[in-house]
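The values are calculated or read from the model by the stated rules, or taken from the named source; none is laboratory data. Small disclaimer: the values here were computed from a predicted structure and weren't measured. Note that we place each Cβ from the backbone using ideal geometry, even for glycine, and neighbour counts take in every protein chain shown. Accessible surface is based on the protein model in full, side chains and every heavy atom, while ligands, DNA and RNA are left aside. Shrake-Rupley method; radii C 1.70, N 1.55, O 1.52, S 1.80 Å.
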Amino acid sequence: MTELILSRLQFALTTSYHFLFVPLTLGLGVLVAMMETWYVKTGNETYKKMTKFWGKLFLINFAMGVVTGLTQEFQFGMNWSEYSRFVGDIFGAPLAVEALVAFFLESTFLGLWVFGWDKLSKKVHLMAIWIVAIASNLSAFFILVANSFMQEPVGYVLRNGRAEMTDFLALITNPHVLYQFPHTVLSGFVTAGFFVMGVSAYHLLKKTHLDVFQRSFQIAVVFGLISTLGVSGIGHLQGMHLVKTQPMKMAAAEAHWETENPAGLSLYASIDEQGQKNNFEVKIPALLSFLSYNSFTGEVKGIHELQEAAVNEYGPGNYVPPVASLFWSFRIMLTAGIWLLLMAMLGLYFNKTKAYEQNPWFLKLMLWTIPIPYIANTAGWFLAEVGRQPWIVYGLQRVEQGVSTSVSLVSMLIASIGFLLIYTILAVADIYLMVKFVKKGPEAPVEESQKTGVKGASLWT
């Protein structure tokens, strides 16, 4: 095993684990803010109980996201120092804005929200959680600005062997981020929607706290359905954009070896990467052209032609990413998306007719659907990052050119084992806390607990 491979494995481990927490933070913060908005507007105590219950789960998830995210920026300096030297002038700017503005707002107002119950006015307290929700998504925007430069470099000049920023406005209006950001945010909304539906389904099955979880399910199913439709729409637009800017990524994701007009979409393929062909495939004629251009006619370049063009432009080398991995990760993401859309539509029907009370199988199925958005998110992120290979900055720097030259294999191995152990401990702690508070359900209001003699009635008091 080489330093390059170990550096990539370590970054894949830490990033994938961190990204498990990001989508839920983006969506659940908005849902909690919506619930508190209804509480302030109506004065209904049920919405207050909902806000506090889901707020606890949001806090646990948020804390895990912060802890696991800290290692990301350190790795750029430790394992990817040549990348940092090459692109640090550009990459560091949006990350600095994210830390100094978005994360500062997020953490400060989250503290006010947690400790401000019954101390701040209702409207000020509500404003705090909305700032947290907006800042969380603003934080994601600036991180994706940095990532989008790696996918589609803009607003820079090459000088003295480094990429230097010349136009910050071009950086934050990068066409890639204009598609990637809404796709990521809506994916977070989907994750939160199905998380709330799944946890609500658990309590509806047990027939506990029905006032809280019937309303939670009702809000989440609408939120989840709209978000799932939004992800599908923006995902299609993003795919059309990538056909123009990263055609090799899209060709690999479709195992599309030969240029065709019109191009068919492979539902299944037996892929021979060594022979650079599909031994067997099931295709829908012209559908790939439609997904690429919104037209059933249109040339879609194949991997062979794109590889030849890349050699002519960048010099000798293999510019084909791992085709089989991308092909199946894309289909895992799409299959998960279709499942989520069907479940959201069923959920809307059952919620409207209250038929889930007579169909416990649906609630059980919804409970087991909680992991599906996480699978879709991970598969989509894998497609986005691995599909860029062999580039770490598309068209400018290859992955092997970005790895640190002064960090030994032993040091990387020790660090990787350490990360794995720490993250395993964190995973156990996260699951334990989540399951504990989910099973416990909403706390009784303070005044009610005082009447019944229950102690420690609220996390916030």
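The length gained by stretching the chain between Tyr314 and Met345 to full extension, at 0.36 nm per residue less their Cα-Cα distance, is 6.4 nm. Volume per residue for the stretch 2-77 equals 68 cubic angstrom (convex hull of Cα atoms). In angstrom, the C-alpha Rg and Dmax of the stretch 96-237 are 19.6, 67. Here the dipole of the stretch 247-321 is about 180 debye; that uses its Cα centre as origin and unit charges on the Cβ of Lys and Arg (positive) and Asp and Glu (negative). With the simple model of a label 7 Å out from the Cα in the direction of the Cβ, Asp211 to Leu334 spans 4.8 nm. The modelled label-to-label distance for the pair Met240/Glu305, using points 7 Å beyond Cα in the direction of Cβ, is 2.1 nm. Take the Cβ-Cβ distance between Ile431 and Thr297 as r, set R0 to 45 Å, and report the resulting FRET efficiency rounded to the nearest 0.05. Given R0 = 45 Å and the Cβ-Cβ separation, E is 0.35.
Once you divide the Cα radius of gyration of the stretch 247-321 by 2.2 N^0.38 Å, the number left is 1.09. Within the chain, helices built from complete DSSP H runs that reach 15 Å or longer along their own axis (Cα positions) and carry a mean Kyte-Doolittle hydropathy of 0.5 or higher are 22-42, 81-97, 104-115, 122-151, 175-206, 210-245, 323-353, 371-386, 409-440. For the cross-link pairs Lys119/Lys206; Lys56/Lys123; Lys123/Lys436; Lys49/Lys352; Lys48/Lys364, the ones whose C-alpha atoms lie over 29 Å apart are Lys119/Lys206; Lys123/Lys436. Expressed as a whole percent, the accessible area of the chain that falls on carbon and sulfur atoms is 68 (1.4 Å probe).
Using the Stokes-Einstein relation with a Kirkwood hydrodynamic radius computed over Cα pairs, the translational diffusion coefficient of the chain at 4 °C and a viscosity of 1.567 mPa s comes to 54 µm²/s.
The residues of the stretch 247-321 expose on average 52 square angstrom of accessible surface per residue, using a 1.4 Å probe on protein heavy atoms. Around the amide H of Asn278, modelled in the peptide plane, lie the amide H atoms of Asp272, all under 5 Å away and 5 or more residues distant in sequence or on another chain. Taking every Cα-Cα distance in the stretch 126-170 and sorting them into 10 Å bins from zero, the calculated P(r) comes out as 24, 36, 22, 14, 4, 0 percent.
Other residues within the sphere of radius under 13 Å centred on the Cβ of Ser292, judged by their own Cβ, net out at 0 (K and R +1, D and E -1). Peptides 52-59, 37-44, 353-360 ranked from most to least packed give 52-59, 37-44, 353-360, packing being the mean of other C-beta atoms within 10 angstrom over each peptide's residues. Taking each residue as 0.36 nm, the span from Val124 to Phe74 lengthens on full extension beyond its C-alpha to C-alpha distance by 14.4 nm. Amide H to amide H distances under 5 Å link Ser404 with Trp80, Ser81, Glu82, where only residues 5 or more positions off or on other chains count and H is placed in the peptide plane. Multiplying the residue separation of Ile284 and Ile414 by 0.36 nm and subtracting their alpha-carbon distance yields 42.0 nm.
Net charge in the neighbourhood of Thr405 (other residues with Cβ under 10 Å of its Cβ; Lys, Arg +1, Asp, Glu -1) is -2.
Distant-in-sequence amide contacts of Gln397, defined by a placed amide H-H separation under 5 Å and a gap of 5 or more residues or a different chain, comprise Ile392. Measuring nothing but how far apart in sequence close Cα pairs (under 8 Å, 6+ apart) lie, relative to its length, the stretch 255-306 scores a relative contact order of 46 percent.
The ratio of the alpha-carbon radius of gyration of the stretch 392-443 to the globular-protein estimate 2.2 N^0.38 Å is 1.96. The peptide list 405-415, 217-227, 173-183, 107-117, put in order of mean Cβ contacts within 10 Å with the highest first, becomes 217-227, 173-183, 107-117, 405-415.
When the trypsin sites (Lys or Arg not before Pro) in the stretch 102-174 are filtered for DSSP coil states and for at most 15 other beta-carbon atoms within 10 Å of their beta-carbon, the remaining sites are Lys119.
Note on exposure: Leu9, Leu171, Leu120 ranked by accessible area (1.4 Å probe, complete protein assembly) read Leu9, Leu120, Leu171, with the most exposed listed first.
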